[in-house]
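Engineer: Below is a structure I'd like to ask you about.
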Amino acid sequence: MADFSPLDGFAIEPLPETLRAPIVLLAFTGWSDTGTVTTDAVDHIAAALGARSFLSVDPEDYYVFTETRPTVHITEDGIRQLRWPENRGLYAAGSSPPLVLIRGVEPNLRWRTFGTRIAETIAALDPFLVCSLVARPAPTPHTRPIPVTGSSADPRLAARYGLGRSLYQGPTGILGVIHDLLRQRNVDLISLAAGVPHYLNTDENPPATLALVRALQPILGFAIPEGDLPARAELFLRRVEDASAGDDQIETYVRTLEAQYEDDEDDAAEGEDAFEAGQPADELPSADDILKDVEDFLRGTGDR
């Protein structure tokens, strides 16, 4: 395992020698996530497999706290608890193949240093594969399954896993930086991306998180225990339906998206660049204020 200066803010513990050729999953909130869809997926996997922590990052040098603020939470005992932006690395040595999970919050500062430390940590593990999880706003109706597309810049990997070729050019996030640094270290890279209904602006979206967890099965070679995630996804969708029931404008808008969804299914078979999947917000169909009541409802009640 690489040894880094404490000045970089990275605390890394040795991993078991039995953890060989792991598959690494990456997820960061920010540019490459819609709310917390991807990090929720990694958190679910970590809990389901009993993953243990081996990496943490001091947020002091990587965040502008007026932009990425700490948050206050109330514990079950009624105690106020402050949470700083958190980046963690975990491992699950008992699975086959073993998994390493890197999840965090896209930093505001020192991207090259941050990305290099993450990339060197991963490369030192000699991973079998690195898979990044992405969630993007998309013209996906909540009444249809969340589409998950995959891509790789490596035609060999694209063919092996049945993915599209990654041909994206343009702005990128911290995952793009880490990918580039890993590519320089000859690490195999793929991405999976969920197309999240763009009009449901909530942090959590259990149906999208569940879709990513299920999409990982052919990559990992085994199914992740789903626990209560399907029930949470069903409850989320019921609450969306309850909030929109009887509103003709919402029903018309969703039916329009359903028709487009059916047309897009044929295009999905040709593959898509999952790493930067999804359309910019200004190119998505505009819901204007039609679905504001749905968003307000979900923000107020959550999915539990």
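Engineer: Search the range 115-158 for residues being assigned to a helix (DSSP H, G or I), touching a helix residue (DSSP H, G or I) at 6+ places or on another chain (Cβ under 7 Å) and not small (G, A, S), and hand back the single one that is surrounded by the fewest Cβ atoms within 10 Å (Cβ to Cβ).
Structural biologist: Taking the candidates together, the pick is T116.
Engineer: Which one is farthest from C131 (Cα to Cα) among residues in the range 218-267 that are of a type in the set (S, T, Y) and crowded, with 17+ Cβ neighbours inside 10 Å?
Structural biologist: That would be S244.
Engineer: Name, by its number, the condition in (1) farther than 22 Å from G150 by Cβ; (2) modelled with pLDDT under 95 that does not hold for G50.
Structural biologist: (2)
Engineer: If I ask for residues that are in a helix (DSSP H, G or I) and either under 18 Å from the mean Cα position of the chain (by Cα) or among the hydroxyl-bearing types (S, T, Y) (or both), which ones from the range 90-114 would you list?
Structural biologist: Listed by number, the list holds a single entry, T113.
Engineer: Can you give me the ranges of the helices (runs of 4 or more DSSP H) entirely in the range 184-246 with at least 3 residues that are at pLDDT below 95 and of a type in the set (A, V, I, L, M, F, W, C)?
Structural biologist: Ranges flagged: 229-244.
Engineer: Still on this structure, I have one more. Within the range 68-79, identify whether any single residue is of a type in the set (G, A, S) and outside any loop (DSSP other than H, G, I, E, B), and answer yes or no.
Structural biologist: There is no residue in the range 68-79 that is of a type in the set (G, A, S) and outside any loop (DSSP other than H, G, I, E, B).
The values are calculated or read from the model by the stated rules, or taken from the named source; none is laboratory data. What you see is a predicted model, and the numbers here were worked out from it, not measured in a lab. With ideal geometry, Cβ positions are generated from the backbone for all residues, glycine too; neighbour counts draw on all protein chains shown.
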